[in-house]
Amino acid sequence: MSWQQSGAAVEYAWELLRAAAEQPAHACRVVALATSAADGPRVRSVVLRRCVQDRRSLVCYTDARSEKVAQIKQTPISELMAYEPESRVQVRMRGRLRVVSQGARWRQAWEQLSERQRGEYLRATDAGLGRGADQLGRARRNFALLQLQVTDLDVLLIGLAGHQRVQARWSRRGWIAQWATP
Ligand SMILES: Cc1cc2nc3c(=O)[nH]c(=O)nc-3n(C[C@H](O)[C@H](O)[C@H](O)COP(=O)(O)O)c2cc1C
């Protein structure tokens, strides 16, 4: 595989993440999310739940009590990274990450979770106490969306005949993409 134009790499990156968000068994379904803490970077795995190219939006789910949420509120600029082994393509997407704990999209996401998934947002100390309506109400308050609005992306193809790297930045006119080295 190779790209003739830098814009093709940008399209490839969005297509890859859209497929990952739609297919639970996709190789890029679990991505790395990096945030900044007061004493340095933090990175962890998260499941990619939604990708809307038109809005430059990537969505994951998390527990509002997790450390990453406090980090994001302090420093919202974050980076998400995916690697697809088959094509040997790495995608890095950076932008402002928002913690969403209310609203129609948040409600809809909660409603689409299974009961088992909802149970994962209970307090650790609630485990084993049963899953009554009261407890599910508490779990719901811990459920949050992490929504990344991408402004910068970096796509790297580790090609057998040579590497290709494209960096792109969002502008009012769309993505401005250029070849990058190394
Ligand atoms: C395969 C895998 C998928 C995960 N998916 C998520 C996820 O979608 N959301 C999440 O908050 N944590 C997820 N985790 C757990 C995180 O990697 C991390 O351990 C946890 O969120 C606490 O991170 P924090 O202390 O930086 O907030 C996942 C872990 C693994 C191994």
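Every read-out reported here was derived from the displayed coordinates using simple, explicitly stated rules and does not represent laboratory data. Values in this document were obtained by computation on a predicted structure and should not be read as measured data. No Cβ is skipped: glycine too gets one built from the backbone with ideal geometry, and neighbour counts run over all protein chains shown.
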Matching residues, region 22-33, being more than 10 Å from the ligand (Cβ to nearest atom) and in contact with a strand residue (DSSP E or B) (Cβ under 7 Å, 6 or more places away or on another chain): 27, 28
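Examine region 3-25 for a residue that is touching a Ser or Thr at 6+ places or on another chain (Cβ under 6 Å) and free of Cβ contacts under 8 Å to residues at least 40 places away in the same chain, and state whether such a residue exists.
Here is the first cut: in region 3-25, the ones touching a Ser or Thr at 6+ places or on another chain (Cβ under 6 Å) are none.
No, because not a single residue in region 3-25 is touching a Ser or Thr at 6+ places or on another chain (Cβ under 6 Å) and free of Cβ contacts under 8 Å to residues at least 40 places away in the same chain.
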Pull out all pairs, ordered by first then second residue, where Cβ-Cβ is under 6 Å, the residues are six or more apart or on different chains, the first lies in region 56-69 and is more than 24 Å from residue 13 (Cα to Cα), and the second is more than 7 Å from the ligand (Cβ to nearest atom) and among the hydrophobic types (A, V, I, L, M, F, W, C). 64/144; 69/99
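Output the residues belonging to region 45-68 that are near the ligand (Cβ under 7 Å from one of its atoms) and either hydrophobic (A, V, I, L, M, F, W, C) or within 19 Å of residue 108 (Cα to Cα) (or both).
Step one: list which residues in region 45-68 are near the ligand (Cβ under 7 Å from one of its atoms), which gives 45-47, 60-63, 66-68.
Result: 46, 47, 60, 61, 62, 63.
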